[in-house]
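The values are calculated or read from the model by the stated rules, or taken from the named source; none is laboratory data. Model, not experiment: these values are computed from the prediction. Heads up, the Cβs are rebuilt from the backbone with ideal geometry, glycines too, and the neighbour counts pull from every protein chain shown.
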Amino acid sequence: MNRIEFIKQVSEILEIDPENLTGSEILEEIGNWDSLSIISFVAMVDAELNRIVSPEKLRQAKTIDDLANLAGI
Amino acid sequence: MNLPTFTSRAPRLAGICIASPANHEENISLADQFGQQVMTDIINSTGIQRRPIAKTETVAELGAMATKKLLFSLNWSPESIDALIVVTQTPDYPLPSTACLLQNALGLKHSTIAFDINLGCSGYVYGLSVVNGLMQSAGLKRTLLICGDITSRMIDLNDRSLRPLFGDVVAATALEAADGPVLTTDLGSDGSGAPYLISHSGGARDPGVPRLFMDGVQVLAFSLKRVATSVKAVLKLENMNIEEVDAVVFHQANAMMIKHLARKIGASDAQLAMAIKDFGNTSSASIPVALSSWLLLAKDSKHEFQLLMSGFGVGWSWATAIWKTTRPDVIEFVQSP
């Protein structure tokens, strides 16, 4: 999975348009970064990248770039 | 391979009876309280539309209802039962064990082996393994495994994260000694997960009312880490591929997780047992509920089954088994009036 595909998957989870996303967007300000989105993100990273994101590190993620780092993208 | 993973002779699955309260709560009815969009999202993600909710029923009451019906349908006398094990985390009383209450309520003989096991999500498979151990070592002929919880009493009605998830059900499973059936089991525990699915109150540390807390992200991360490995361990010991399994029965926590785990182990839709829509997460009863639903749809002509069951969660605790057994004589669902 490359960065573009990752951003597309994350944008689907957050229910936002993937165009013009830079990665510096703040998750809290997007509005849909709730418990269901967090669980969907963990499941997506496991399904696509065979990687289990640490819940503790995920709680510290502030931006989409932080999510990409956790996913190893 | 993680130990203990082991295989042994096993009883046959003689029958299952599922007892639930007639009272149900529709998840969409919580829209006024929690918001329409929120509840729509939760229903779509979890797959849970409604859940049986006890008004006054207890595990012993539902357990007695399920067991009496099961014994009647199987034409088994109470005197013929050698053991009754209850798996519950919501016993009628802190003491004595609910199994002792049921021994008395059902009129079982005094030589009946009866005790409780304090487990939830992993409880059915752990319970099956323990009962099988007793059956093989003591030569028992007929036993009962009673599993379930009244989880609703531990949940705050204003808790949006938990209230839409859990249903109150007790499942009675009848087991009978037989030649042929085999049980291959992988059991595990990791107590570092205790803080993430817990009631801090209601025990010796804080004797208040039990109140459930769950960190859903931690539960998911744990499940992704442990379940597929546990499934692979039993398949390897049985020298089987996933395609050879008839039913894949996961603990019914939520639909998204069940489908994800099914994909992870390579199971097909036809193999996957799903019963979460009308019951929710029913703790240790969820595997027998889903298994019963799957077996009712299985072809009449099929007599022998290879059942893969995996329960995982509170503890952390996990238990996976492949049970080679024959079609049960009885599968029933009953409701309290």
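Taking the criterion of being in contact (Cβ under 8 Å) with a residue 24 or more places away in the chain and more than 20 Å from B:Asp215 (Cα to Cα), the residues of segment B:247-266 that qualify are B:Ala247, B:Val248, B:Val249, B:Lys264, B:Ile265, B:Gly266.
Pairing residues of segment B:155-173 that are β-branched (Val, Ile, Thr) with residues that are surrounded by fewer than 24 Cβ atoms within 10 Å (Cβ to Cβ) and part of a loop (DSSP other than H, G, I, E, B), at Cβ distances under 6 Å and at least 6 apart in sequence or on separate chains, gives B:Ile155/B:Leu162; B:Ile155/B:Arg163.
Taken together, the residues in segment B:235-245 that are buried (at least 17 other Cβ atoms within 10 Å of the Cβ) and under 17 Å from B:Leu272 (Cβ atoms) amount to 2.
The sole residue among A:Ile38, A:Ile52, A:Ile7 that is within 14 Å of another protein chain (Cβ to nearest Cβ) and in a helix (DSSP H, G or I) is A:Ile38.
Count, please, the residues in segment B:6-32 that happen to be crowded, with 19+ Cβ neighbours inside 10 Å and more than 30 Å from B:Ser73 (Cβ to Cβ). Count: 2. The condition of being at positive phi, away from every other protein chain (no Cβ under 14 Å) and either of a type in the set (Lys, Arg) or surrounded by fewer than 24 Cβ atoms within 10 Å (Cβ to Cβ) (or both) holds for only one of B:Gly188, B:Gly180, that being B:Gly180. Quick check: anything in segment B:18-36 closer than 30 Å to B:Ala233 by Cα and at pLDDT 95 or above? Yes: one or more hits. Residues that are more than 25 Å from A:Ala43 (Cα to Cα), assigned to a loop (DSSP other than H, G, I, E, B), away from every other protein chain (no Cβ under 14 Å) and touching a residue at least 40 places away in the same chain (Cβ under 8 Å): does segment B:59-67 have at least one? No, because not a single residue in segment B:59-67 is more than 25 Å from A:Ala43 (Cα to Cα), assigned to a loop (DSSP other than H, G, I, E, B), away from every other protein chain (no Cβ under 14 Å) and touching a residue at least 40 places away in the same chain (Cβ under 8 Å). Of the residues in segment B:276-285, not one is touching a Pro at 6+ places or on another chain (Cβ under 8 Å), closer than 22 Å to B:Leu62 by Cα and either at pLDDT below 95 or in a strand (DSSP E or B) (or both). Step by step: first the residues of segment A:10-35, then only those that are within 17 Å of A:Thr63 (Cβ to Cβ) and assigned to a helix (DSSP H, G or I), then the one that is farthest from the other protein chains (Cβ to nearest Cβ). Which residue is that? Looking at the filtered set, the residue picked out is A:Glu29. Of all residue pairs spaced 6 or more apart or on separate chains, those with beta-carbon atoms under 6 Å, a first member in segment B:40-52 that is away from chain A (no Cβ under 11 Å) and a second member that is surrounded by fewer than 20 Cβ atoms within 10 Å (Cβ to Cβ) and assigned to a helix (DSSP H, G or I) are B:Gly47/B:Ala255. Return a yes/no flag: does segment B:252-264 have any residue that is more than 24 Å from B:Asn44 (Cα to Cα), out of contact with any Cys (no Cβ under 7 Å at 6 or more places or on another chain) and within 14 Å of another protein chain (Cβ to nearest Cβ). No - not one qualifying residue is present in segment B:252-264.
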